[in-house]
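Chemist: Got a structure for you, questions after.
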Protein chains: 4
Amino acid sequence: MSNNSIGKAFALTCFGESHGKCVGAIIDGCPAGLPLSEKDIQRELDKRRPGVSRITTKRREEDIAEILSGVYKGLTTGAPICVMVLNRDVDSRPYELIKDKPRPGHADYPAHVRYGGFQDYRGGGQFSGRVTVAYTMAGAIAKKLLKKINAEVLAHTIQIGPIRLPKEVTYEEIRKNVYQNSVRCADLETANAMEAEVLKVAKEGDSLGGIVECTALGVPAGLGNPIFDSLDADLAKILFNIPAVKGVEFGAGFQAASFKGSENNDQFVMQENRVVTLTNNAGGILGGLSTGMPIVMRVAFKPTPSIALKQKTVDLIQERSVEIKLAGRHDPCIVPRAVPVVESCVAMVIVDHAIRLGIIPMVLK
Amino acid sequence: MSNNSIGKAFALTCFGESHGKCVGAIIDGCPAGLPLSEKDIQRELDKRRPGVSRITTKRREEDIAEILSGVYKGLTTGAPICVMVLNRDVDSRPYELIKDKPRPGHADYPAHVRYGGFQDYRGGGQFSGRVTVAYTMAGAIAKKLLKKINAEVLAHTIQIGPIRLPKEVTYEEIRKNVYQNSVRCADLETANAMEAEVLKVAKEGDSLGGIVECTALGVPAGLGNPIFDSLDADLAKILFNIPAVKGVEFGAGFQAASFKGSENNDQFVMQENRVVTLTNNAGGILGGLSTGMPIVMRVAFKPTPSIALKQKTVDLIQERSVEIKLAGRHDPCIVPRAVPVVESCVAMVIVDHAIRLGIIPMVLK
Amino acid sequence: MSNNSIGKAFALTCFGESHGKCVGAIIDGCPAGLPLSEKDIQRELDKRRPGVSRITTKRREEDIAEILSGVYKGLTTGAPICVMVLNRDVDSRPYELIKDKPRPGHADYPAHVRYGGFQDYRGGGQFSGRVTVAYTMAGAIAKKLLKKINAEVLAHTIQIGPIRLPKEVTYEEIRKNVYQNSVRCADLETANAMEAEVLKVAKEGDSLGGIVECTALGVPAGLGNPIFDSLDADLAKILFNIPAVKGVEFGAGFQAASFKGSENNDQFVMQENRVVTLTNNAGGILGGLSTGMPIVMRVAFKPTPSIALKQKTVDLIQERSVEIKLAGRHDPCIVPRAVPVVESCVAMVIVDHAIRLGIIPMVLK
Amino acid sequence: MSNNSIGKAFALTCFGESHGKCVGAIIDGCPAGLPLSEKDIQRELDKRRPGVSRITTKRREEDIAEILSGVYKGLTTGAPICVMVLNRDVDSRPYELIKDKPRPGHADYPAHVRYGGFQDYRGGGQFSGRVTVAYTMAGAIAKKLLKKINAEVLAHTIQIGPIRLPKEVTYEEIRKNVYQNSVRCADLETANAMEAEVLKVAKEGDSLGGIVECTALGVPAGLGNPIFDSLDADLAKILFNIPAVKGVEFGAGFQAASFKGSENNDQFVMQENRVVTLTNNAGGILGGLSTGMPIVMRVAFKPTPSIALKQKTVDLIQERSVEIKLAGRHDPCIVPRAVPVVESCVAMVIVDHAIRLGIIPMVLK
């Protein structure tokens, strides 16, 4: 029933809270012999860091990754890798005022029921989006492993509030543009519109959600399982473990419900001795297994629940309805920061399944 | 890495194939002392049975559930419950013709890669939707356990192809109408339109997908976990293990991406000494925990991949592109049959988490 | 918390009770392409069958293994393998008389507490040694897989009651003699003495325990893990899951406690380009990993708790001390029947770890 | 396949190496509301610290436990608890000399095979007994939880080399004497003899093993499971995860092999409205479940493999036989330090099973 671990061959165990001492990740099952330094992890971590643009929270998380185990002489040893960031620049005072008044849209109320009031309510405790620091650190390692099999994970923002990316983008545009703009959208024109929308809504004291699309390229056919450990189910599970996610779909997704079979089926053809499909409505997964086509998924994020507007809530001690108005520093839209997190989660699942089938070996040469 | 088991406190292990001898389920962790007979399981099984209407496959699966272990004197003993149905009325001949020519939209191709050609390809083998017989049998037990805590799971079809339920329905309508029509929709007028659409498309030799909405009522607040074993992640995982599912969303789901925080947040109020929310955009889950509000999710199904039209595929032996036209008996739309399966999956996850927290005790009085 | 499954890459799930309809095993993770028939399983099953000699219970278990899934055209498909035996020749009447009077040495009393009296008490229900039928069937498959890497598991009885094997035996003697005598001892002279002792004690209405030694040959170095999934810990866990086991030791075992380091350490030398040790006090395992030397373990079995003598017990309903005298048919010594069970358990663990490391591939050619 | 976690409801995940930066433990599933400070953990940690007596290694591990997560305002929050000690006073130079020359009795050789030479060989890396620091820290928490149900775990040394405790001791003697002498034996006279023996053998440059006996008092009947997650199997598994353990037995253990059933069976009687047994050859476990009697087990430790005498080994690079003589500081007998480790492991397993059955609730008042 351990709820803080995920993965079987490549497993992540998380610890830490938003306003505690640290957030950390234990990665077990990383093959031995992978070059790994704190810079590798820092690079990914910096992608999700707030405070790098006008549209993210003013809390300055100078997250400095420290590797505590599992690496020797610059190479992974096969032992569990512990990597940690200390929490800095934490201001917990605002949370004292609302500790018995659950914030709408946050986990405060069910957490209070679940943990009998003993939960660390500062900044959402272990329910905070800050836990995704751990996912990102583990994802940094997974991404390095994917390179060994020439696979790659590419995510970007395709919708923020009412602004939706109106056209297809190329993988090259994603690679080139995503981390060049504050909203992590591969199309720069759309990125500008999204950023303007976020700023506008932020001024109103309100917030926005959005959608991240993620594509895994180069994943060989046959990864995954039928029945319960299917590739899509494992991807969906970890994606729903990202705070604020409310929907996940693969390929044509919810649209497939409107298609006829003849429209939705991806027909097979031979292409340079490879079996490919003419379309990819399946999003690269059939029967829980990868097809060799790009694995495509979309992840819906709700708007940041922390808003500056007055809201109704209850006083859990006095058992009566009250109103609150949240102070504190919050992202008006967490979607841009979720982009590297989605990539990390997808990379971890693919690595996990690739190791299970021996496609990534336990010792790297 | 065992991929045929799911759940921790209440665990399901599946076995069997579409055209093998049987399909079966082992349910471990069912509390002792629950009255359980084959009738209880048969009742649920009959809900997913094809051959009960004009719109489902003509294969007559007279699925007769047999309990092989775990029940003594009409009560569960606490030991693993094995329940099985034998496969009857199986016609495997059509599959010989296409065994090296993967059917578009089916798992045939990646299964061939994964299992080196040794997979049982008849009727899709273990990738067949027939495995959901096992889910349904386990779900029958889970539903009985939910009654012990006055919880209930209600699913129905809200979309088939282009026909979408245009209005809200009451829980009472769901309870009353769903199994009174062939498409399992709670609104009878919409049901008629859906049925007509299915028949029309079936005549064309084509198929349709759709969306099932499921609501879990009476689930107490605080079920689930933060981080990895969150309630929504566990629900999503099992739902994506239903063949043909391409999307899952909770509450406002993908729509939440367009909302502002002030629109999406569900504000709390006291109502007769209970904490409730004014809206339920969260779909009853915050931070991976149940809120005590109805848990609401929607599940998108792609159209049945087996269609009677000519399709492109490849000959895996000769490594060249070819065409196929499938014979055999297939549902033009599997969505209606998925309704009890979705209910079963949701019931299992809730029971699993309720047992973990001791809300359902290990011995029932 | 599912307690009826074991193994990760090669996993066994059990179901069934002593006097229920059947005992069965689901084996998940067996590589595809292994030739497998019911005869393969029956051969192992026959080794543990009672009724084959004067010293075992008169219950005639004509256990006929039936494969229900996972095999097609005589080869494993990669899908879960279900194999089952029906229970026959069951006489449950004696158990009615003692259902509230726990038998000394049996699980009756703690089972009553654990399951609130709902447990199937006939023949010990799921606590019966009969569950080892499932281990043996799974072991039959594991042994076939071991052959693929030229590994082999050899067990035999080295002690029954006061009679201990007084000398070393060769692997050849084990292979040749074990199933040629009723007590499964590799030395025929000792076997005669053991058999005489069993018959003598049986006449007294009493029973005997003993020790099984098991050696795994041909296991390559490096299998297992440090920390928690070590090879010895996984072996010990499954061995203690055999009913009546009270002790497990590897190599020098408890004797090592009396040795000095200089006596106990196995020194390394090169032998025909292989690293070997001069002694094998480690029993082929160091740091949780196989060393490449034979893996040697001994398993202590208590005497059969079912004896024909009068014993003190309690009436759980009337809450008072009473006496019982058991009827029914029981082995005066279960050790001989445990020999193939021990082999099966050891084979399963080695296969599980070999698959995890890719030493046994997921698809066999 | 994650090999660095154990336990289901109360789970321990380990990280760190002997000569790396730290050794740490993540404890997941600890109920919320338990008072917990670093002092609680330090107290247990100090019990296994070397450098406190003449007979243990001169390496001064000033292990200072730091809690990094899961505790707020002095109480557990229900979130994963991370607790860590930094490694100090580490001298890795001796290990460079022998990095390609595996030390007899250590994991060096199979670790080299398993991890392709990338393993951290300094001080044995993750194979070092130092990992038991993590077990002890987790055990400190488990012991506090056991107090909540009035249960207690008591271990002591009953044998070192040839010196075996010649008599029964009372629980009171164990509680009083164990941590008052350097060998952790409850009988002071025996303790003196053991200490003399250790000093004598240490002077010879040699080492000794021994046996630890552990008793769990106050464990209610019915804990555990039949089949695979039985209480004895789970205890055995974690005990074999302690480096140097070569044997585990419960109750009469290996001796039971020599008993007749009439001698070994523990007969039941009523005693002040409780069901008890007249003897306890079962060691408090029948059928994988606790009986309510004291749970008694003995754990055999091999002598410390690090000795100062010349030994044969191989040069793995040059592939030839060589000799080595180890420098470094080593315990001539690790048994005394294993005493609190055994207690910790036993406490963790009992807590894990008590939480699974709801006997220890998820929120403590």
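Chemist: Mind listing whichever residues of the range A:1-51 are assigned to a loop (DSSP other than H, G, I, E, B), under 14 Å from residue B:226 (Cβ atoms) and more than 7 Å from chain D (Cβ to nearest Cβ)?
Modeler: A:18
Chemist: Could you tell me whether any residue of the range A:150-165 is within 30 Å of residue A:30 (Cβ to Cβ), open to solvent by 20 Å² or more (accessible area, probe 1.4 Å) and touching a Gly at 6+ places or on another chain (Cβ under 7 Å)?
Modeler: Looking for residues that are within 30 Å of residue A:30 (Cβ to Cβ), open to solvent by 20 Å² or more (accessible area, probe 1.4 Å) and touching a Gly at 6+ places or on another chain (Cβ under 7 Å), one finds at least one in the range A:150-165, hence yes.
Chemist: Of all the residues that make up the range A:6-63, how many are open to solvent by less than 50 Å² (accessible area, probe 1.4 Å), acidic (Asp, Glu) and at pLDDT below 85?
Modeler: Selection size over the range A:6-63: 1.
Chemist: Please go through the range C:108-147 and pick out each residue that is at the interface with another protein chain (Cβ under 7 Å from one of its Cβ atoms) and in contact (Cβ under 8 Å) with a residue 24 or more places away in the chain. It would help to see each step written out before you state the result.
Modeler: Going through the range C:108-147, the residues at the interface with another protein chain (Cβ under 7 Å from one of its Cβ atoms) turn out to be C:109-111, C:113-116, C:118-120, C:125-127, C:131.
Within the range C:108-147, C:109, C:120, C:125, C:126, C:127, C:131 qualify.
Chemist: Oh, and also: Counting just the residues of the range B:322-342 that are under 14 Å from residue B:156 (Cα atoms) and open to solvent by 10 Å² or more (accessible area, probe 1.4 Å), which one comes out nearest to the other protein chains (Cβ to nearest Cβ)?
Modeler: B:334
Chemist: Among the residues of the range C:287-298, write down those that are buried (at least 21 other Cβ atoms within 10 Å of the Cβ) and either facing another protein chain (nearest Cβ under 7 Å) or in a loop (DSSP other than H, G, I, E, B) (or both).
Modeler: Residues satisfying the conditions are C:287, C:288, C:289, C:290, C:291, C:293.
Chemist: If we scan the range D:316-335, do we find a residue that is assigned to a helix (DSSP H, G or I) and within 30 Å of residue D:231 (Cβ to Cβ)? Break it down into steps so the answer makes sense when it comes.
Modeler: Going residue by residue through the range D:316-335, those that are assigned to a helix (DSSP H, G or I) are D:335.
From what is left, the residues that are within 30 Å of residue D:231 (Cβ to Cβ) are D:335.
Yes, because at least one residue in the range D:316-335 is assigned to a helix (DSSP H, G or I) and within 30 Å of residue D:231 (Cβ to Cβ).
Chemist: Now for a separate question. Could you list, ordered by first residue, the pairs with Cβ atoms under 7 Å in which the first is in the range A:75-86 and without any contact (Cβ under 8 Å) to a residue 24 or more places away in the chain and the second is among the polar types (S, T, N, Q), at least 6 apart or interchain?
Modeler: Close Cβ pairs satisfying both conditions: A:79/A:69; A:79/D:126.
Chemist: Facing another protein chain (nearest Cβ under 7 Å), over 19 Å from the mean Cα position of the chain (by Cα) and modelled with pLDDT under 95, is that true of residue D:319?
Modeler: Spelling it out, residue D:319 is indeed facing another protein chain (nearest Cβ under 7 Å), over 19 Å from the mean Cα position of the chain (by Cα) and modelled with pLDDT under 95.
Chemist: Just to be sure I understand, how many residues within the range B:148-166 are more than 9 Å from chain A (Cβ to nearest Cβ) and either part of a strand (DSSP E or B) or of a type in the set (A, V, I, L, M) (or both)?
Modeler: 11
Chemist: So if I check each of A:240, A:228, which one is modelled with pLDDT under 95 and among the hydrophobic types (A, V, I, L, M, F, W, C)?
Modeler: Answer to the check: A:228.
Chemist: Can you pull out the residues in the range D:73-86 that are surrounded by fewer than 23 Cβ atoms within 10 Å (Cβ to Cβ), aliphatic (A, V, I, L, M) and more than 19 Å from residue D:120 (Cα to Cα)? I'd like the intermediate steps shown before the answer.
Modeler: Step one: of the range D:73-86, the residues surrounded by fewer than 23 Cβ atoms within 10 Å (Cβ to Cβ) are D:73-75, D:86.
If we keep only those that are aliphatic (A, V, I, L, M) as well, we get D:75, D:86.
Matches in the range D:73-86: D:75 only.
Chemist: Being among the β-branched types (Val, Ile, Thr), assigned to a strand (DSSP E or B), at pLDDT 95 or above and buried (at least 19 other Cβ atoms within 10 Å of the Cβ) narrows it down to one residue among D:304, D:313; which is it?
Modeler: The conditions single out D:313.
So that you can scan it fast, the table gives a plain yes or no per residue for (1) facing chain D (nearest Cβ under 7 Å); (2) open to solvent by 10 Å² or more (accessible area, probe 1.4 Å):
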residue	(1), (2)
C:235	no, no
C:248	yes, no
C:260	yes, yes
C:267	yes, yes
C:270	yes, yes
C:277	no, yes
C:281	no, yes
C:285	no, no
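Chemist: Turning to a different aspect of this structure: Looking at the range A:347-356, can you tell me whether even one residue there is open to solvent by 10 Å² or more (accessible area, probe 1.4 Å), part of a loop (DSSP other than H, G, I, E, B), in contact (Cβ under 8 Å) with a residue 12 or more places away in the chain and out of contact with any Pro (no Cβ under 7 Å at 6 or more places or on another chain)?
Modeler: no
Chemist: For the range D:87-127, which positions are in a helix (DSSP H, G or I), over 20 Å from residue D:304 (Cβ atoms) and open to solvent by less than 30 Å² (accessible area, probe 1.4 Å)?
Modeler: Once the filter is applied, which keeps residues that are in a helix (DSSP H, G or I), over 20 Å from residue D:304 (Cβ atoms) and open to solvent by less than 30 Å² (accessible area, probe 1.4 Å), the range D:87-127 yields D:114, D:115.
Chemist: Would you check which residues across the range B:214-244 are touching a Phe, Trp or Tyr at 6+ places or on another chain (Cβ under 6 Å) and under 27 Å from residue B:160 (Cβ atoms) and list them? Steps first, answer last, please.
Modeler: Filtering the range B:214-244 for residues touching a Phe, Trp or Tyr at 6+ places or on another chain (Cβ under 6 Å) gives B:226, B:232-233, B:236, B:241, B:244.
Those that are touching a Phe, Trp or Tyr at 6+ places or on another chain (Cβ under 6 Å) and under 27 Å from residue B:160 (Cβ atoms): B:232, B:236, B:241, B:244.
Chemist: What is the residue count in the range D:151-189 for residues that are among the basic types (Lys, Arg) and more than 20 Å from residue D:341 (Cα to Cα)?
Modeler: Of the residues in the range D:151-189, 2 are among the basic types (Lys, Arg) and more than 20 Å from residue D:341 (Cα to Cα).
Chemist: Looking at residue C:189, is it farther than 18 Å from residue C:301 by Cα and open to solvent by 20 Å² or more (accessible area, probe 1.4 Å)?
Modeler: Yes: the conditions hold for residue C:189.
Chemist: Continuing with this model, one more query. Would you be able to tell me the number of residues in the range D:202-227 that are buried (at least 24 other Cβ atoms within 10 Å of the Cβ) and at the interface with chain C (Cβ under 7 Å from one of its Cβ atoms)?
Modeler: 7
The values are calculated or read from the model by the stated rules, or taken from the named source; none is laboratory data. These numbers were taken from a predicted model, which means no experiment stands behind them. Cβ coordinates were reconstructed from backbone atoms using ideal geometry, including for glycine residues, and neighbour counts include every protein chain displayed. Remember, those area values only see protein heavy atoms, side chains included, never the ligands or the DNA or RNA. Shrake-Rupley method; radii C 1.70, N 1.55, O 1.52, S 1.80 Å.
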